[in-house]
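The values are calculated or read from the model by the stated rules, or taken from the named source; none is laboratory data. These numbers were taken from a predicted model, which means no experiment stands behind them. For neighbour counting, all protein chains shown are included, and Cβ atoms are generated from backbone atoms with ideal geometry for every residue, glycine included.
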Amino acid sequence: MLRELEEGILGLIRQQVTGLKTVKGYEGDFDRGTMREILGLMPCALVVYEGQDLEERNMDLLRKVRFTVLVGARSYRKGEAREEAFELLEAVEGALFGQRVEGLKMLPLALRSERLVYRDSQIVVFGQSYETTVFERKTL
């Protein structure tokens with residue numbers, strides 16, 4: 001289910017957001033060294049699984065799942081990366097907010113927070129945290 005959800009989120013971004021060089025799932029931490037490694041991927045949207053809470057309700061299993069979409073841009077001109085990142089943030093939100101992934105019984109994706117993850121003179125990365133609840137029938 002997690003793979004389907006991640007692939008669905010990536011698909012929505014790929015279909016609806018232009019101007020991205022890289023759209024993919026990402027595992028890992030972000031620090032100054034990591035930013036330099038992914039510089040060649042920018043502008044990018046990287047989808048990171050953040051975790052889930054499980055709840056049993058009657059014969060259903062409810063999975064409250066959280067993903068963060070990292071939107072990154074680079075520029076050698078002051079302010080340009082930030083403006084590009086703002087445009088990409090709005091485009092990603094337009095692609096994901098209120099959407100469902102085909103084939104999953106789920107609530108629409110909800111944007112829960114947006115924050116600056118990293119910035120320096122050449123790079124800016126923002127994170128948008130999305131949440132949904134996926135319903136599954138428990139097996140006996």
*asked:* Against the condition of a type in the set (Asp, Glu) and assigned to a strand (DSSP E or B), how does residue 84 come out, does it pass?
replied: no
*Please work out which residue is modelled with the lowest pLDDT, limiting yourself to segment 82-91 and to residues that are of a type in the set (A, V, I, L, M) and out of contact with any Leu (no Cβ under 9 Å at 6 or more places or on another chain).*
85
_Lone qualifier among 98, 79, 103 - being modelled with pLDDT of 85 or more, farther than 14 Å from residue 131 by Cα and not polar (S, T, N, Q)_ = 103
*Name every residue in segment 83-124 that is closer than 21 Å to residue 22 by Cβ and charged (D, E, K, R), in order of residue number.*
83, 84, 87, 90, 93, 114, 115, 119, 120
*Within segment 62-70, identify whether any single residue is assigned to a helix (DSSP H, G or I), at pLDDT 90 or above, over 17 Å from residue 118 (Cβ atoms) and touching a helix residue (DSSP H, G or I) at 6+ places or on another chain (Cβ under 7 Å), and answer yes or no.*
no
*Can you name every residue in segment 36-53 that is part of a strand (DSSP E or B) and either surrounded by 10 or more Cβ atoms within 10 Å (Cβ to Cβ) or touching a Pro at 6+ places or on another chain (Cβ under 7 Å) (or both)?*
44, 45, 46, 47, 48, 49, 50, 52, 53
*Among (1) surrounded by 14 or more Cβ atoms within 10 Å (Cβ to Cβ); (2) out of contact with any Cys (no Cβ under 8 Å at 6 or more places or on another chain), which single condition is residue 58 missing?*
(1)
_Considering only residues that are surrounded by 20 or more Cβ atoms within 10 Å (Cβ to Cβ) and closer than 15 Å to residue 64 by Cα, which ones fall in segment 118-133?_
130, 132
